[in-house]
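One structure is given below, encoded as structure tokens.
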Amino acid sequence: MSELRISSIETRGVPGKKRYAMVIDLRRCIGCDACMVACKAEFDVPLGVFRTWVPYKVIGKYPTVRKMFLPRLCNHCDDPPCVRACPVEATYKVDDGGFVLQRYDRCIGCKACMASCPYNARFMLPKHRTYTDITRVVDKCTFCHHRVTQGLVPACVQTCVGRSRIFGDLNDPASEVSYLVNSLPTQVLRPEEGTKPHVFYIGADRNHTEIGRKIYNPQDVMEVERAVFNQNHS
Amino acid sequence: MGDFNIFHIMPWSGTYAIYFFVIGISAAMFFFSALSWYRPEFQVLRKPAFNVSFVLLAAGGLLLIADLTQPMRFLNILNPAYLNFSSPLAWGGLNLVTFGLVSIAYFMTMRKNDEATSRKLAVAGALLALGLPIYTGFDLTVHQNRPVWNTPLMPVLFVALSLLSGAAVATFIAKGEKLLEMLRRFMLWSAGAVAAMLVSLLGTTAYGGSGSELTFMFMTSGTLGAVFLGLGILVGTVAPIAVLLTNSGKQQSGMMLAGGLLLVGGMALRYSILIGGQIVQTYF
């Protein structure tokens, strides 16, 4: 595995270092959105923005149709472009564990990290929040760093009713994520970007996970909603 | 992807395009002021070009700071303990501040009529000025997931756009046949270079895979078509080249017309390239 390591920031196969990853088994995801709710509750994530979200696509042709859910979150890339892009090192990678985290007190709000993220995992916190005073800086999923360092799993993994989300250390050959990644065909989103994501999907079909031609002629109603959203979040 | 997704915003708004525009003009105007020490026909531009450069530098800097969601933390970019040199923004921040300091020193030595020091500062400032469009181009180039942006053309294109916009502004304050002819050549050659680069850019975007192809569609026949093709290429690049090649394009009035069109085109191209690279990603 270590022959795949290119950049010095990567933790693949580094002895004594943990490399946390999440496997999402799409065959087990029922689209209940409990992961989104758990995440919102864990971090007081404001309205309109998400650390994890579950988009879906209806695939197939009647009567053989199904909804394909694709839970999304920060991929905690082994070679994260956001870390390179930040001019003040407000975003950084934790050496042991591979968490990509944010220093809120240092972020200047230039949004270079948002521009560099191929997964849209980053968002700007709004001006006003009810319970938390961290505002107007970039935020993202932390892989629940505070829970994992206490020996717990992330809130979304804990709450997943179908046990679709599995979390663990990829550098540990005995972990469940290692077993799944090594024994089943898995996919990552946008492998061509060279970011080496740490979120692996079982059962994802690239024909459906990529951007389709449909966006060129989006539904009018969606565009109206987008315009309103952009107005409120610019 | 999908039939349902949450909404994502474009991280970099049109404000950045205005910043790219003013900072490009500022860099080129300083270059013309510096050139005046070595080419006598540019002497008439020495002070006015510098004044425009400095005002636009200050305006651009303030615009950039105001666009941060934490404006007062712009000082973090000057903190050596925080700087991340793998980010072009860090280099850009340093370049911008150093250019500002050199500009102030240049202004002081010009006032004291200290020619020897002014000449040296002019060269140093011109090199730093060249760094401004280069770094703004790199700001976009380094994002490997962005169609249109992620091409080695960007820094070079921004240098050409900077020269073109600067020369266009200079035609409005220039006097003397020789100087006007030099500015005409600057405009013509840089507009030609921009046109050639746009052909390459359109080619690599149209054939660059699904995300790039969709971006090409948005920029030509989609929502950005009128700005990119209409204002950026036809009105802002092809038309001024045509005007500059005619006899009236050799007169100051014709050059001012071409200059006006080039400024419209320079702004439209920067805007459409900035926004074009972000449209598709908002749907992912």
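The values are calculated or read from the model by the stated rules, or taken from the named source; none is laboratory data. Since this is a predicted model, take the numbers as computed values, not measurements. Heads up, the Cβs are rebuilt from the backbone with ideal geometry, glycines too, and the neighbour counts pull from every protein chain shown.
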Worksheet item: If residue A:57 passes every condition in (1) basic (Lys, Arg); (2) facing chain B (nearest Cβ under 9 Å); (3) closer than 29 Å to residue B:65 by Cα; (4) buried (at least 17 other Cβ atoms within 10 Å of the Cβ) but one, which one does it miss?
Response: (3)
Worksheet item: Here are some conditions: (1) within 21 Å of residue B:133 (Cα to Cα); (2) within 12 Å of chain A (Cβ to nearest Cβ); (3) without any contact (Cβ under 8 Å) to a residue 60 or more places away in the chain. Residue B:58 meets all but one. Which one does it not meet?
Response: (2)
Practice prompt. Name the single residue, out of those in segment A:87-101 being closer than 23 Å to residue A:21 by Cβ and buried (at least 22 other Cβ atoms within 10 Å of the Cβ), that is nearest to the other protein chains (Cβ to nearest Cβ).
Written response: A:91
Worksheet item: Does any residue in segment A:219-234 that is at the interface with chain B (Cβ under 9 Å from one of its Cβ atoms) come within less than 8 Å, Cβ to Cβ, of a residue that is small (Gly, Ala, Ser) six or more places away or on a different chain, and which pairs are these?
Response: A:229/A:48; A:233/A:48; A:234/B:13
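Residues that are among the β-branched types (Val, Ile, Thr) and within 26 Å of residue A:114 (Cα to Cα): which helices (runs of 4 or more DSSP H) entirely in segment A:134-234 hold 2 or more of them?
A:220-233
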Worksheet item: Checking residue A:10 against (1) closer than 30 Å to residue A:230 by Cβ; (2) in contact with a Leu (Cβ under 9 Å, 6 or more places away or on another chain); (3) in a loop (DSSP other than H, G, I, E, B), which test does it fail?
Response: (1)
Worksheet item: Do you know which residues across segment B:1-53 are small (Gly, Ala, Ser) and within 14 Å of chain A (Cβ to nearest Cβ)?
Response: B:2, B:13, B:14, B:17
Item to complete: Return only the number of the condition from (1) in contact with a Ser or Thr (Cβ under 9 Å, 6 or more places away or on another chain); (2) farther than 30 Å from residue A:74 by Cβ; (3) not polar (S, T, N, Q) that residue B:279 does not satisfy.
Response: (2)
Practice prompt. Return the residue satisfying two criteria in turn: it lies in segment A:116-148 and is surrounded by 23 or more Cβ atoms within 10 Å (Cβ to Cβ) and either over 17 Å from residue A:39 (Cβ atoms) or among the small types (Gly, Ala, Ser) (or both), and of such residues it is nearest to the chain's Cα centre (by Cα).
Written response: A:121
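Quick check on residue A:151: is it more than 9 Å from chain B (Cβ to nearest Cβ), closer than 16 Å to residue A:22 by Cβ and at pLDDT 95 or above?
no
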Item to complete: Quickly run through segment B:218-233 and pick out the residues that are in contact (Cβ under 8 Å) with a residue 60 or more places away in the chain and either within 22 Å of the chain's Cα centre (by Cα) or within 14 Å of residue B:198 (Cβ to Cβ) (or both).
Response: B:219
Discussion item. Tell me whether segment A:20-39 contains one or more residues that are crowded, with 18+ Cβ neighbours inside 10 Å, within 12 Å of another protein chain (Cβ to nearest Cβ), in a loop (DSSP other than H, G, I, E, B) and not basic (Lys, Arg).
Written reply: no
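Take the residues in segment B:207-241 that are within 14 Å of another protein chain (Cβ to nearest Cβ) and among the aliphatic types (A, V, I, L, M); name whichever of them is surrounded by the fewest Cβ atoms within 10 Å (Cβ to Cβ).
This residue is B:217.
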Discussion item. From the list A:203, A:151, exactly one residue is loosely packed, with under 15 Cβ neighbours inside 10 Å and farther than 14 Å from residue A:75 by Cα. Which is it?
Written reply: A:151
Worksheet item: Among the residues of segment B:66-107 satisfying the criterion of being among the β-branched types (Val, Ile, Thr), in a helix (DSSP H, G or I) and over 16 Å from residue B:31 (Cα atoms), which is farthest from the other protein chains (Cβ to nearest Cβ)?
Response: B:97
Practice prompt. Those residues that are of a type in the set (Asp, Glu) and touching a residue at least 60 places away in the same chain (Cβ under 8 Å), I need them from segment A:177-213; list them, please.
Written response: A:193, A:205
Discussion item. Go through segment B:17-56 and report how many residues are surrounded by fewer than 24 Cβ atoms within 10 Å (Cβ to Cβ) and either more than 18 Å from residue B:259 (Cα to Cα) or more than 21 Å from the chain's Cα centre (by Cα) (or both).
Written reply: 18
